[in-house]
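The values are calculated or read from the model by the stated rules, or taken from the named source; none is laboratory data. Only a predicted model underlies this, so the values are computations on that prediction, with no experimental measurement involved. Please note: Cβ atoms are built from the backbone with ideal geometry, for glycine as well, and neighbour counts cover all protein chains shown. Protein only, heavy atoms only, side chains kept; ligands, DNA and RNA dropped before computing areas. Shrake-Rupley method; radii C 1.70, N 1.55, O 1.52, S 1.80 Å.
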Amino acid sequence: MRTLRAALAAVALAWAAVTGAPSAQAAHAYAQFGDIKYPPGFSHFDYVNPAAPKGGRISLVAPLIASSFDKYNPFTLKGTEPPGLEGLLFDTLLTGNMDEPATAYGLLAEDVDVATDGRSVTFRLNPKARFHNGDPVLARDVKHSFDQLTGPGAAPQYRAYFAPVKGATVLGERLVRFDFKEANRELPLIVGGLPVFSHKWGSKDGKPQPLDAIVTDYPIASGPYRIGKVDFGKEITYERDPAYWARDLNVRRGQFNFDRITYQLYKDNVAAFEAFKAGEFDFIQAFIAKDWARQYQGGKFASGELLKREWQHGNAVGFQGFIFNTRLAKFSDPRVRRAIGLAMDFEWMNRQLFYGAYTRVRGYFTGSEYEATGLPQGDELAVLQSLKARPPRAVLEQPVPQPPTTSPPGSLRANLRLARQLLAEAGWTYRDGALRNAKGEPFTIEFMDTSGSMGRVVNPYMRTLEKLGFQPSYRLIDYAVYEQRMRRFEFEVISSRTLGRLVPGSELTQYFRADLAKQDGSSNLGGVQDPVVDELLRRIDAAQSRPELAANVRALDRVLRHGYYAVPHWYSAVHRVAYRAHRFAQPQVVPRYYQPEGWALSTWWAAPAGK
C-alpha cells in the first residue's frame, strides 16, 4: 500500500488534465490531454527560483506515524522503508510539475516518442544521466527496473500498476521501448514514472538478486540525494549529491536546494508536536483541526519563532472515509453498510470537534467534473446502459446517494429510523440487548487505528451505533502491526485517505479491481468485487478523450456510491503548515497543484540565518 502511493506520487501531477484537446507530445515532453506549456529548451519551471542558493538543512517529521524502518528498498512488500527514500533517491524517465497538469517532461529520458497507433512508447536516455556510483544510466537498467518491479519480488501493486504494459525492449545502449497491450493515452506517463535503479543494486558476485532479497543495500539510483547519516529505525538524513547529473537540467533547475534533509520518527502525534516546539525539527503539517486551532498558538507561535500558515491549493479533493472490509460476511450487504453510515453525525462533529474547518466528502471525486450528480443522463447514462455487466436498477433509476445530514429538516433520529429499517431488511434485528442475525450472533464492529487521532471521532460515533444495537470497539495498535494487518486485510473498519488526481486513471484499478481484493498488500482495501466496476475500470483505461473519460468516471463514482463501501469523511481546501521562521526562503510563485512537504523539499532554500 505505501509503496504504491510512493509510485503514484512520483508522477501524479503529470497525469492530471485541464482541457479536452487530444494528447500531445514533443521530443522533450508528453501530454495525455491538452497542450505542452514549456517549449523545447525552456529554462525552468515558473514556480521555482532558478537562482536559489544551495546549502543549509531542513528537518521534518515522517509524514506517516511510522515508528521505525528496517530496509532501504521501497519496492517490496515486507518491512518498512524510511520516509522520503523513493522521491529523493530515484529519478524517473519523465517528471511532472506542480503548475501544469497532464504533462510530463524528460528527466532521465531526453526524448519521448509515442507510436502513431498508441501501442508503444520509445525513450532515448540522456547521455549525461549517471547513477550515484558513477555508472551511466543505460537502457538495460531501465528494462531491469521494469522487470524487477513487475516480477514476483516486488510489492503486488506494481504488477497491477504496470499490467497494461507488455514489456520493455532494449533497442540500443540508450534506447528502450515499452509495448502496450492496447492503446491507452495514460500509459506513456505510467511508464515515464518508472523509478530507475542500477542492475548492480543488490547483485552478488555480479549476479542480480530477486528484488525482495535486497533489504539493507544502499540503493544505486540517480536522484538528487543519497543516504547520509542514519540512526537506524529512528532518524535518517539525506545528503545532496553535489555531482548530481541533472543539477543544471531545466526540469531540476532551482530545485532540491538543501544540503541535508532529515526525517525524524516519533511514536505518536503528541510526541512529534512537542518535539517540533522544542526545536528538534523545522517543518510540520497539521491534519487535525482541533490541534491546529488549540495547540498551534501561544509561546513560540506568539513570539514569531514559529510560523503558522494556511495555503490554498487546487488539488483534487480525493477520498477519505471509514472503509469497510467487505470480505467479512457481516459487511457484505450494502444495506448494512449504509445503515452504519447513517449513524455518523458529521454536522455535530464539525461544530464540536473540527471548529467548522471541514466540508463533507460526498463521493470519490468530490467537487470535480468527475463527480456524479442527480440522475444519470447524457453520456454517463449511455455508458451505464451499454455495460455488459448490468448495474443495479437503483443506479439507473435513483439519484446518486448523498451522505446523510442532520441539518434541518434532517435529523439524527430520522437517520437512525432508516438505519433500523435497512438492518431489519438485511436480517439484523435488536433482541436480547444487541443487534443480532438469525443465528443470534451479535453485530460487533472494531475500528482499528494506529495514531489515536481518530479516537475523538470514533468514540461519539460508537455511542450512536450502540443505539442501534451494535457492539462497537476501538482498537489502537502499533504502526508496524497496523501495516502488517492492513497488508493481510485483517481489519473490520479503518480510516483511510487517498490523494485525489486531477485526471483519474490507472490508480483506480489499484483501489477497486476485483482480482486485487484477495491479493495481500493490494490497495483494494475494501475488497470491492463487482463486475460492473471492473468493466468501468477497463473503459476508463481505454478512454481516448477527456469527455469520454469523464463520462466513465462519473459512472464509476455513481456505482461505488450506490455500493456504500465506505462512510465518507471530510476535507479541507487549505494546507495547514507550521515551520521555523527566518530559517527558510520560498519562491514568490506558489504552485497550484502541490503537497506542502514536496513543495518545501523541492523548491525552498535555506535563508542566511538558517545556514
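Over the C-alpha atoms of the stretch 40-89, what are the Rg and the largest Cα-to-Cα span, Dmax, in Å?
16.2, 45
What residues from the stretch 243-261 fall in the zone where the backbone N is under 20 Å from a label point 7 Å along the Cα-to-C-beta line of Tyr218?
243-247, 257-261
Just to verify a number: FRET efficiency for Leu375 and Ala271, C-beta to C-beta distance, R0 = 45 Å, to 0.05?
0.35
Mind checking which aspartates and glutamates have their Cα closer than 20 Å to the Cα of Lys290? Skip sequence neighbours fewer than 8 apart in that chain.
Asp268, Glu274, Glu310, Asp345, Glu347, Asp449
Expected output is a single nm value to one decimal: the length gained when fully extending between Glu397 and Arg140, i.e. 0.36 nm times separation in residues minus the C-alpha distance. What is it?
Gain in length upon complete extension: 87.1 nm.
Taking 0.36 nm per residue of sequence separation and subtracting the Cα-Cα distance, how much length would be gained by fully extending the chain between Lys207 and Arg309, in nm to one decimal? Write down the numbers at each step before the final one.
Details: separation 102, 0.36 × 102 = 36.72 nm, distance 5.09 nm.
Full-extension gain reported as 31.6 nm.
Taking the inverse of the average 1/r across all pairs of different Cα atoms in the stretch 437-572, what Kirkwood radius in Å do you get?
17.0 Å
Quick check on the chain: helices-only [θ] at 222 nm, where DSSP H runs of length 4 and up contribute -39,500 (n - 2.57) each and the sum goes over total residues. Nearest 500, please.
-8000 deg cm²/dmol
Dipole of the chain (Lys/Arg Cβ +1, Asp/Glu Cβ -1, origin at the Cα centre): which of Met462, Ala31, Pro210 lies farthest to the positive side?
Comparing the listed Cα positions along the dipole, Met462 ranks first.
Mind listing the Cα extents of the stretch 409-472 along all three principal axes, in Å, largest one first?
36, 35, 18
Within the stretch 526-611, which chymotrypsin sites (Phe, Trp or Tyr not before Pro) sit in a loop by DSSP and count at most 12 neighbouring Cβ atoms inside 10 Å? Numbers along the way, then the final one.
Details: sites: Tyr564, Tyr565, Trp570, Tyr571, Tyr579, Phe584, Tyr593, Tyr594, Trp599, Trp604, Trp605; in loops: Tyr564, Tyr565, Tyr593, Tyr594, Trp604.
Counting only loop positions with at most 12 other Cβ atoms within 10 Å, none of the chymotrypsin sites (Phe, Trp or Tyr not before Pro) in the stretch 526-611 qualifies.
Could you work out, for the chain, what percent of all Cα-Cα pairs fall into each 20 Å distance bin, beginning at 0 Å and stopping at the bin that holds the largest distance?
Taking all Cα pairs of the chain, the binned fractions are 19, 54, 26, 2 percent.
What FRET efficiency comes out for Asp478 versus Gln352 if R0 is 35 angstrom and r is the Cβ-Cβ distance? Round to the nearest 0.05.
Values: r = 29 Å, r/R0 = 0.84.
Calculated value: 0.75.
Taking 0.36 nm per intervening residue step and subtracting the Cα-Cα distance, what contour gain separates Lys54 from Asp520 on full extension? Before the final figure, lay out the partial values.
On the way: separation 466, 0.36 × 466 = 167.76 nm, distance 4.28 nm.
This chain segment gains 163.5 nm when fully extended.
Please identify every one of the GluC sites (Glu not before Pro) in the stretch 467-560 that sits in a loop by DSSP and has no more than 15 other beta carbons within 10 Å of its own beta carbon.
For GluC sites (Glu not before Pro) across the stretch 467-560 that sit outside H, G, I, E and B with at most 15 neighbouring Cβ atoms in 10 Å, the list reads Glu490.
May I ask you to derive the relative contact order of the chain, considering only C-alpha pairs under 8 Å and at least 6 residues apart, and to give it as an integer percent?
Computed over the chain, the figure is 21 percent.
At 10 °C and 1.306 mPa s, what whole-number value in µm²/s does Stokes-Einstein give for the translational diffusion of the stretch 60-190, with Rh from the Kirkwood sum over Cα pairs?
Once the numbers are plugged in, D ends up at 98 µm²/s.
How about the stretch 98-147: which trypsin sites (Lys or Arg not before Pro) there are in a DSSP loop, with at most 13 other Cβ atoms within 10 Å of their Cβ? All intermediate terms of the calculation are to be shown ahead of the outcome.
Working: sites: Arg119, Arg124, Lys128, Arg130, Arg140, Lys143; in loops: Arg119, Lys128.
Answer by residue number: Lys128.
With only alpha-carbon pairs counted, each pair once and no self-pairs, how large is the Kirkwood hydrodynamic radius of the stretch 345-497 in angstroms?
The Cα-based Kirkwood calculation yields 18.6 Å.
May I ask which residue of Ala139, Met98, Leu516 lies farthest towards the positive end of the charge dipole of the chain, with charges of +1 (Lys, Arg) and -1 (Asp, Glu) on Cβ and the Cα centre as origin?
The Cα lying farthest towards the positive end belongs to Leu516.
From the phi of every residue in the stretch 506-517, what ³J(HN,Hα) in whole Hz does the Karplus formula 6.51 cos²θ - 1.76 cosθ + 1.60 yield, where θ is phi - 60° and glycine or proline is x?
Running phi through 6.51 cos²θ - 1.76 cosθ + 1.60 with θ = phi - 60° gives 5, 4, 5, 4, 4, 7, 10, 6, 4, 5, 7, 5 Hz.
Could you report the chain's accessible area per residue, 1.4 Å probe, as an integer in Å²?
40 Å²
Could you state the orientation-averaged shadow area of the convex hull built on the Cα atoms of the stretch 125-194, in nm² to one decimal?
Numbers: hull surface 20.5 nm².
Taking the Cα atoms of the stretch 125-194, their convex hull projects to 5.1 nm² on average.
Which net charge results for the neighbourhood of Ile288, defined as the other residues with beta-carbon distances under 15 angstrom from its beta-carbon, given Lys and Arg at +1 and Asp and Glu at -1?
Around Ile288, the surrounding residues sum to +1.
Got a number for carbon plus sulfur as a percent of the stretch 400-540's accessible area, 1.4 Å probe?
Taking all protein chains in place, the stretch 400-540 shows 50 percent carbon and sulfur surface.
Taking the Cα centre as origin and putting +1 on Lys and Arg beta-carbons and -1 on Asp and Glu beta-carbons, what dipole magnitude results for the chain, to the nearest 20 debye?
Rounded to the nearest 20 debye, it is 1000 debye.
Checking the table Lys166/Lys207; Lys439/Lys467; Lys71/Lys166 against a 28 Å threshold on Cα-Cα, which pairs fail?
On the way: Lys166/Lys207 25 Å; Lys439/Lys467 21 Å; Lys71/Lys166 30 Å.
Correct reply: Lys71/Lys166.
What order do you get for 307-318, 79-90 when each peptide is scored by the mean count of other beta carbon atoms within 10 Å, highest first? Please list the in-between numbers first.
Working: 307-318: 15.5, 79-90: 22.1.
Packing order, densest peptide first, comes out as 79-90, 307-318.
Determine which lysines satisfy two conditions relative to Lys300: a Cα distance under 18 Å, and not lying fewer than 8 residues away in the same chain.
Reachable lysines: Lys277, Lys308.
Taking the convex hull of the alpha carbon atoms in the stretch 163-248, what volume per residue do you get, in Å³?
Dividing the Cα hull volume of the stretch 163-248 by its residues yields 178 Å³.
Given a 1.4 Å probe and the protein chains all in place, what does the accessible area of Leu423 round to, in Å² to the nearest 10?
Here the accessible area works out near 0 Å².
Pop a pseudo-label 7 angstrom from the Cα along the beta-carbon direction at both Asp70 and Phe42 and give the gap in nm to one decimal.
The answer from the label model is 4.4 nm.
For Asp111 and Glu441, what does the FRET efficiency come to when R0 = 45 Å and r is the distance between their Cβ atoms, rounded to the nearest 0.05?
0.10
Could you tell me how many degrees, from 0 to 90 and to the nearest 10, lie between the Cα long axis of helix 2-15 and the main elongation axis, the longest principal axis, of the Cα atoms of the chain?
Once rounded, one gets 70 degrees.
Using only alpha carbons, build the gyration tensor for the stretch 529-611 and give me the equivalent ellipsoid semi-axes, biggest first, whole Å.
Taking √(5λ) for each Cα gyration eigenvalue gives 42, 17, 10 Å.
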